[in-house]
Amino acid sequence: MKKFDPYKLVREQVKSMSPYSSARDEFTGLTAEMVFIDANENPFQSGLNRYPDPQQQVLKEKLGSIRQIKKECILLGNGSDEVLDLIYRAFCEPKTDSVILMPPTYGMYKVLANLNGISCKEVMLNRDFQLNVPEIIRAVDESTKLIFICSPNNPTGNKFFKSDIETILNSFNGLVVIDEAYVDFSDEKSWMTRLLEYPNLIVSQTFSKAYGMASIRLGICYASPEIISILNKIKPPYNINILTQNAALQKLNDIGETSKQIVEINKNKLLLIKELSKIKFIKKTFPSQANFILVRVDDANRRYDQLLQTGFVVRNRTKEPLCENCLRFTIGTEQEVLLLINTLKKLA
């Protein structure tokens, strides 16, 4: 295991601040017999009149048992975007520090950097949508605090070579954030299994994709207890509401259904890939380890408009770097996939 001290990266304001202590942080021995007159809540029971557990202990214990990771290594956010924002705010000094991004990739990394006054250095993926490791390492300087890696990547759908990510983790003394929003659809193991090996590693996941719970806005951060402690210091006290916590617990108690849906989505993806090869205006179908496929067509703007007119809302990625004339198709149900195939075959 490499030596790494995350406290050396923390902003001075965060080091010196005292976190807000909520009523439920100060008293945790919750029982049905207690009379709660500490948090200025409405006393009339509705199931929603009490503040939720600010540390989501039950949900973290359940998630930890499934993922085989200690709850002290888990932080939950109001969507993955809150997790990413907390990482910026804890470790990056505005107008001073920088991060490295590898376009084309998830756009919120750059949005959040701009929001927090952090400079972005962009190192383009190569033509095979793989990491340009030598250029990434050359881009690192004293101001570089974070490197963001989305694997499987959005919008390209591919995973990055494990050896390339290992090289970055071993050579960089800042934090490497691996966004695994689509990892459940991949044949690659999650990088959270290597947190002990790489203490500068942060892994982000979500309930929005494989778990099918995009509307509850629940993101997950896996990292060392030291990093999680730092993020907990600045997170809002009640960032995960009780409805979200209960919905997530219910989903985790029926993990078999999620597994079935993943199998079905991957099966439908293979069907779509096979049929796309028969459509003349589709020039290339890129390999995918996610629940979507990126395809290059003859004219992305034209095909996007045609599909919209036939009732299909797809994602036009033609303005993204290296994605000229590319459309992104999310994998739907078998019925939706078959309908898409038939529609594409009819387009002139």
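The values are calculated or read from the model by the stated rules, or taken from the named source; none is laboratory data. Quick caveat, the model's predicted, so the values are computed rather than measured. Cβ placement follows ideal geometry from the backbone for every residue including glycine, while neighbour counts extend to all protein chains displayed.
Once region 42-89 is narrowed to residues that are of a type in the set (K, R) and over 18 Å from S190 (Cβ atoms), the residue that is surrounded by the most Cβ atoms within 10 Å (Cβ to Cβ) is R89. For region 287-311, residues that are over 21 Å from T333 (Cβ atoms) and part of a loop (DSSP other than H, G, I, E, B) total 3. Whether a residue is modelled with pLDDT of 95 or more, under 30 Å from Q261 (Cα atoms), assigned by TED's automatic domain parsing to the domain that holds E226 and part of a helix (DSSP H, G or I) was assessed, and I165 passes this test.
A single member of K278, K319, K284 is over 28 Å from D81 (Cβ atoms), without any contact (Cβ under 8 Å) to a residue 24 or more places away in the chain and not in a helix (DSSP H, G or I), and it is K284.
So that you can scan it fast, the table gives a plain yes or no per residue for (1) of a type in the set (S, T, Y); (2) touching a residue at least 40 places away in the same chain (Cβ under 8 Å):
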position	(1), (2)
N78	no, yes
E82	no, yes
D85	no, no
R89	no, yes
P94	no, no
V99	no, yes
T105	yes, yes
M108	no, no
A113	no, no
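For region 130-156, filtering for residues that are in a loop (DSSP other than H, G, I, E, B) and within 16 Å of G174 (Cα to Cα) leaves 4.
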